[in-house]
Every structure is written in C-alpha cells, then in structure tokens.
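Visitor: The structure's right below; bear with me while I get my questions together.
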Amino acid sequence: MKVTDVAIIGGGLAGSAAATILGRAGVDAVLIDPHRVYPVDFRCEKIGGWHLDAIRAAGLDDVVFGVTTFDGHGGIARYGHLLDVRPSDQHGAAYENLVNALRAAIPASVGFVEAKAMDIETGDDRQTITLNTGETISARLIVLANGLNFGVRERMGLRREVLSENHSVTIGFNAVRVGHRCFPPRSLTYFPERASSLVSYLTLFPIRDAMRANLMVYRPVDDPWLSRMRHTPIEAIKELMPRLTRITGEFEVEGPVKIRPASLWQTQGYLRSGIALIGDAFQTSCPAAGTGAGRAFNDVARLCNEYIPRWLATPGMAAEKIAQFYADPVKQDRDRFSLHKAFFLRDLSINTSPVWTARRLVRFAGYKGIGILRALQRRGEPQQSLFDGERHLPMSGHRAAER
Ligand SMILES: Cc1cc2nc3c(=O)[nH]c(=O)nc-3n(C[C@H](O)[C@H](O)[C@H](O)COP(=O)(O)OP(=O)(O)OC[C@H]3O[C@@H](n4cnc5c(N)ncnc54)[C@H](O)[C@@H]3O)c2cc1C
C-alpha cells in the first residue's frame, strides 16, 4: 500500500493544477489518472476575465499563459454589423495543451499513479483508494477531481442532481478565411439574428496560427441541424447567421467539427470526512456561460492555498474540517454565479417572452452605444490598429504579457 498525505484523483484541469500547487508547497501528494499524457479532448478552449484572477490566485499564471494565445481586442457583431471593438483579455488554448502544461509543471516530488480509482473508503483519519490495478493508496485527504466520470462517486453512495439535462451544445472547429491570413478583428463574438435560431453566440479567437470557432447552441442532441453542422458546416452556419460573412468574409472549415452537449448537475451528499470534491466533480458548468475553468481554478486556489496546509498541520480529517472549504465565501459565490449565468444566458439568448425580448434589445443597444463612444474616442488613430492582418497574427500569452 502506498501511503501519502494527499491523494488527488483525476489529472484534468483541476487535479493537475492542485498537484502543481501542492507539490510547489512541499506537500506529500500523489496524482492518480488513467492517462499519463492528457488525451485530445474538446473542452474549454478560452479563458479570460475573472478566470485570470483565479489563475493568478492559484499562482499558476507562469504555466497557463505560457501556452495560451492572447487576443488583446475583440469585436462584437450582430445583423452583419460590427457593434463594438473593445479591449479583450481572452486567452485561447487547446484543452489538452493547457492540462499537459500544468502536468509538466508538477514538481517531481509528486508521484504520478497511472491508474483508475475504483473504490474509495473514507474516515476521520485515513482514506483508502482501491485502484483498477488492485493496488491501494492510503491518504490523510483525498482531493476528488475526476470530472464527469460519476462511477466512483456512485459507488461511494453520492448522488447526482441534474439541474438541466442537455443544457447547451458546444460546437468547435477551425475556420480559415478564404484568401486572407486571419480574420479582422483579432477575435469576434457574433450574436444570432433571431432568438428562434436557438444560438447563444459564435466566438472566433486565435489559438496559435489557427482561428478557432466555438458555436454555442441550445438544441436537442437529435436535432437534424446538428447533423447538417457536422456534414455541411458552412451551409448550416449561414442558415442561422446569414449575415455573418459581411464581417468575417467567406471562410472554410478546416479539420473535424466537434459537437459536445453539456448538462448541468451537482453532486449531492458531498460532505464526508477525508474527501474534498473540486471542479466538475462538484458541479458542472455551461460552456456557453464559460465559467467551468474559472470555477476549477478557483476551487484549487482556495483549497490548496487556504485550507489543505492548515488541515494537515493538525491531526484528523473529520467532516468539520472539510466543511470549511465548501463554506468558503469565494467558492460559494463562484459556484452560484456559474449556475445563475448558465440559466440567465439561455433565457437571454432564446426566450421569446416580451421581457426577455426587451432585455435583448437593451443589451444590443448597449453594445452599439458603447461601440459608438469608443469609435469616437479612437478617431484619429490609424485604422490598421484594428484591421491590419500582419499586426493581428496570433501572439502567445507570454509574448502578449511582454508587450
Ligand atoms: C465542450 C466544452 C466546452 C467548454 N468550454 C468552456 C469554456 O469556454 N470556458 C470554461 O470556463 N469552461 C468550459 N467548459 C467547462 C470546462 O472545460 C470544465 O469545467 C473543466 O475542464 C473541468 O475540469 P476538471 O479538472 O474538473 O475535469 P476534467 O478536466 O474532466 O478532469 C477529470 C480527470 O479525471 C480523470 N478521471 C476520471 N475518472 C477517474 C478515476 N476513476 N480515477 C482517476 N482519474 C479519473 C480523467 O481522466 C480526467 O483527467 C467546457 C466544457 C465542455 C464539455
């Protein structure tokens, strides 16, 4: 039996970040995951806003911004019109590159166990994990970061409360503009022209030399439009956003079109001695709302910087200790915000009641008004600051930071 202070189950975004922080702090820890290298996975491809604060709070900016591509400014458009071009702090990266960068930063003192956790027994002092290899690990604390895989939680008697089944569907592809090197402006969010199109938005953003697209829709998984999107993507996009190419110019889809539905659920009965759930293992997020990665980094920052060092300094790992993490005001605020934004955005995008129609009008009038003011302020500045392709070649996060 391997004996450690902290056993982290799951080496995705949350688990790999936790292993890096605990390793850097000199905590005796192991990371358990069935894949030594995180495989290609269509998940979060863009981080920005409060995510960046959570990443800095976790002390992981050096790692994360080394593999991301920074946009710097982005356009907002609807009905084929650019409403605003504003400063933007979005960073794009393929999910597996982000996770593997975090994995590469894990200090050598943290052991990696290439296996799947099958069963967990918890208690006030020590926890036991049984692996698919038949081996066992004994730890003072388990950090459960195994994402969407509910099997091990079910065997522990935890329950999944589904809040919204198939809440949204995310579609990802690479876009190549016909006849140009990249899209002006550097990134773009295009809103649908009608609520009945069941689209939240299309976002185009740079990842290295590629222009990546994430299209967020609210459609059932058996919707024939999704099949058209997979097989004839340009036609399917034009069906919903006929005036998009006024802004982007004609473009082609390069490589596979990835389509992934996401449901919202929370794990119930999570408060147990000796185990803390983080990231998607605790609660999932809507990709359209774009809060999942920020929540994962926030959980890790609060748990690993604030609580684990204190918990390890005194004997025992009873539920009273673990409850401190779940009661953390920053964590609670981010979790609540994430759920609220998921439902709010869905209504704001597709609810056709008079109230939500009015809210949509106010929103776009706001974008337009701010866009006009910003354009007036920019008068006199050279136009190529927005539309010169050469100056918009994708730039990595650290190169952007140097500027
Ligand atoms: C299509 C899509 C798009 C998204 N876009 C965005 C976005 O734009 N912005 C945003 O903020 N969020 C987005 N999200 C959400 C975000 O990706 C997740 O919230 C975040 O990645 C969760 O990280 P995690 O570490 O909790 O889980 P994961 O990254 O899924 O990690 C789970 C890990 O656990 C391992 N594991 C599973 N079972 C076991 C076991 N029994 N034993 C050991 N290891 C195990 C897995 O191998 C994996 O490595 C998106 C999600 C999806 C699906």
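The values are calculated or read from the model by the stated rules, or taken from the named source; none is laboratory data. This is a predicted model, so every value here is computed, not measured. All Cβ positions, even for glycine, are placed from backbone atoms using ideal geometry, and neighbour counts span all protein chains on display.
Visitor: Cβ-Cβ distance below 7 Å, separation of 6 or more or different chains: which pairs start in the stretch 226-253 with a residue that is farther than 22 Å from ASN166 by Cα and end on one that is of a type in the set (Phe, Trp, Tyr) and at pLDDT 95 or above?
Guide: These pairs meet every condition: MET241/TYR190; LEU244/TYR190; ILE247/TYR190; VAL253/PHE173.
Visitor: Of all residues in the stretch 9-44 being more than 9 Å from the ligand (Cβ to nearest atom) and of a type in the set (Val, Ile, Thr), which is farthest from GLY255 (Cα to Cα)?
Guide: The residue in question is VAL27.
Visitor: Find the helices (runs of 4 or more DSSP H) located wholly in the stretch 288-403 whose residues include 1 or more that are over 28 Å from the mean Cα position of the chain (by Cα) and at pLDDT below 95, and list them.
Guide: Ranges flagged: 354-378, 384-387.
Visitor: In the stretch 72-115, how many are over 17 Å from the mean Cα position of the chain (by Cα), acidic (Asp, Glu) and under 30 Å from LYS368 (Cα atoms)?
Guide: Summing the residues that are over 17 Å from the mean Cα position of the chain (by Cα), acidic (Asp, Glu) and under 30 Å from LYS368 (Cα atoms) in the stretch 72-115 gives 1.
Visitor: Write out, first by first residue and then by second, each pair whose Cβ atoms fall under 6 Å of each other, whose residues are 6+ apart or on separate chains, and whose first residue, in the stretch 297-311, is in the same structural domain as ALA327 (by TED's automatic domain parsing) while the second is among the charged types (D, E, K, R).
Guide: ASN298/ARG334; ARG302/ASP328; ARG302/LYS331; TRP311/LYS321
Visitor: If I filter the stretch 45-66 down to residues being within 12 Å of the ligand (Cβ to nearest atom) and surrounded by fewer than 21 Cβ atoms within 10 Å (Cβ to Cβ), which single residue comes out as nearest to the chain's Cα centre (by Cα)?
Guide: GLY48
Visitor: Same structure, new question: Restricting attention to the stretch 305-327, does a residue exist that is surrounded by 15 or more Cβ atoms within 10 Å (Cβ to Cβ), of a type in the set (Val, Ile, Thr) and within 16 Å of the ligand (Cβ to nearest atom)?
Guide: No, the conditions are met nowhere in the stretch 305-327.
Visitor: Which of (1) surrounded by fewer than 24 Cβ atoms within 10 Å (Cβ to Cβ); (2) over 22 Å from the mean Cα position of the chain (by Cα); (3) within 14 Å of the ligand (Cβ to nearest atom) does VAL3 not meet, given it meets every other one?
Guide: All conditions pass for VAL3, except number (3).
Visitor: Sticking with this one: Take the stretch 67-81 and flag every residue that is surrounded by fewer than 16 Cβ atoms within 10 Å (Cβ to Cβ) and either modelled with pLDDT of 95 or more or in contact with a Leu (Cβ under 8 Å, 6 or more places away or on another chain) (or both).
Guide: GLY80, the sole residue that qualifies.
Visitor: Then there's this: Is it true that some residue in the stretch 40-50 is touching a strand residue (DSSP E or B) at 6+ places or on another chain (Cβ under 9 Å) and in a strand (DSSP E or B)?
Guide: Scanning the stretch 40-50 turns up at least one residue that is touching a strand residue (DSSP E or B) at 6+ places or on another chain (Cβ under 9 Å) and in a strand (DSSP E or B).
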